[in-house]
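Structure record follows, encoded as structure tokens.
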Amino acid sequence: MVFRQRAARGVDERFAGRVELGCGHTACAYRARDTERGIDVVLKVASLQFVDVETSRGWLESECLALKSLQASSDGTEASERRSGRIIQCYEDHTKESTPFIVLESWGTQTLERYFRAWVGSEKRMPARIAQSLWTQIQEGLAYMSDRSHTCQWIHGDLHFKNIMVDTSNQDEPTLKIIDFGLASTEQEGDEERQPCKDAQTVAQTWRSWFEVKPHHVGLDPADTKEKSTNMFGLLEACAGDPSLCPAPANWLTTAMALEGTADVRPPPSTRVFQSPLEKAGYCPK
Ligand SMILES: Nc1ncnc2c1ncn2[C@@H]1O[C@H](COP(=O)(O)OP(=O)(O)O)[C@@H](O)[C@H]1O
Ligand SMILES: [Mg+2]
């Protein structure tokens with residue numbers, strides 16, 4: 001199998017058994033065996049269907065830059081590592097080549113959207129424990145992206161459930177990672193449209209839309225859906241009308257933001273232990 005576009009030299013030999021995962025406006029994603037690393041990876045390759053090569057190159061380059069900045073921001077503590085683990089890694093940037101592509105960590109077998117759909121289709125009820133765990137994992141990713149102790153605070157900008165991958169190899173403990181940072185940007189002061197809680201709002205609204213379809217299939221009992229979800233959605237909806245009402249990012253991992261009031265949610269550490277390479281360089285990519 002070859003890339004839709006002319007393959008960059010050496011790429012066909014190095015990345016074996018490519019399987020197409022999906023094509024969007026600017027790129028196509030493939031799962032492949034990286035014969036150098038000896039692991040499966042995802043290649044996100046410029047697609048020239050809708051945009052020219054320079055535009056595609058720019059999107060991919062900025063996606064990998066965002067992911068590398070996020071990776072470099074971990075302070076090495078267990079909490080920080082766990083949170084940074086909610087975000088996919090970019091291993092390599094090959095956007096300078098004639099066919100621009102980036103090499104990403106491969107994670108999971110399905111999108112969160114497909115995972116939710118499967119629960120609804122199965123007519124079984126997603127255990128509240130799993131719902132809470134998925135919610136907390138997303139919050140961990142968001143808390144990490146907006147951590148004030150990092151040099152850059154990142155906004156995903158496109159955080160619907162097709163951009164979250166779920167690994168279900170342990171059915172009782174599905175784990176997720178956020179993907180597709182093609183529209184990610186650094187937080188700009190005074191830019192209300194790009195408030196970090198917009199990401200949380202997107203997630204909450206999507207989640208709420210699943211409750212509305214079949215509440216008892218996505219982790220909550222229909223009898224108390226309203227009560228249990230009031231805190232979580234109320235906080236996020238308040239900031240739709242007035243961004244100053246957004247919960248501070250540091251407050252995302254609090255009990256007020258939990259699906260279950262008693263859930264074990266851990267706020268991010270407030271003090272910085274370690275300077276990331278990007279911070280040392282005083283570098284914040286825009
Ligand atoms: N790192 C990854 N691991 C596993 N699957 C992925 C990964 N990146 C992308 N995919 C799959 O490819 C699809 C398209 O990738 P995505 O980055 O969302 O591109 P687009 O910008 O075209 O939406 C995703 O919906 C997902 O199914
Ligand atoms: Mg996508």
Of these, Pro196, Pro215, which one is modelled with pLDDT under 85 and touching a strand residue (DSSP E or B) at 6+ places or on another chain (Cβ under 8 Å)? Pro196
Going through segment 170-181 one residue at a time, which ones are in a loop (DSSP other than H, G, I, E, B), open to solvent by 10 Å² or more (accessible area, probe 1.4 Å) and within 11 Å of ligand 1 (Cβ to nearest atom)? Ile179, Asp180
Hey, among Ser80, Ser98, Ser74, which residue is surrounded by 19 or more Cβ atoms within 10 Å (Cβ to Cβ) and in a loop (DSSP other than H, G, I, E, B)? Ser74
Scanning segment 156-186 for residues that are touching a strand residue (DSSP E or B) at 6+ places or on another chain (Cβ under 9 Å), among the acidic types (Asp, Glu) and within 11 Å of ligand 2 (Cβ to nearest atom) gives Asp180
Being closer than 28 Å to Asp147 by Cα and at pLDDT 95 or above, is that true of even one residue in segment 46-61? no
Assess whether Arg18 counts as being outside any helix (DSSP H, G or I), without any contact (Cβ under 8 Å) to a residue 60 or more places away in the chain, open to solvent by less than 40 Å² (accessible area, probe 1.4 Å) and among the charged types (D, E, K, R). yes
Would you check if there is a residue in segment 30-49 being surrounded by fewer than 19 Cβ atoms within 10 Å (Cβ to Cβ), within 10 Å of ligand 1 (Cβ to nearest atom), in contact (Cβ under 8 Å) with a residue 60 or more places away in the chain and within 18 Å of Cys90 (Cβ to Cβ)? yes
All positions within segment 149-169 that are more than 10 Å from ligand 1 (Cβ to nearest atom), at pLDDT below 95 and in a loop (DSSP other than H, G, I, E, B): Ser149, His150, Thr151, Cys152, Gln153, His156, Gly157, Leu159
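The values are calculated or read from the model by the stated rules, or taken from the named source; none is laboratory data. Everything numeric here is computed off the predicted structure, so don't read it as measured data. Note: ideal-geometry Cβ built from the backbone for every residue, glycine included; neighbour counts use all protein chains shown. Ligands, DNA and RNA are stripped out before the accessible areas are found, and what is left, the full protein with its side chains, is counted by its heavy atoms. Shrake-Rupley method; radii C 1.70, N 1.55, O 1.52, S 1.80 Å.
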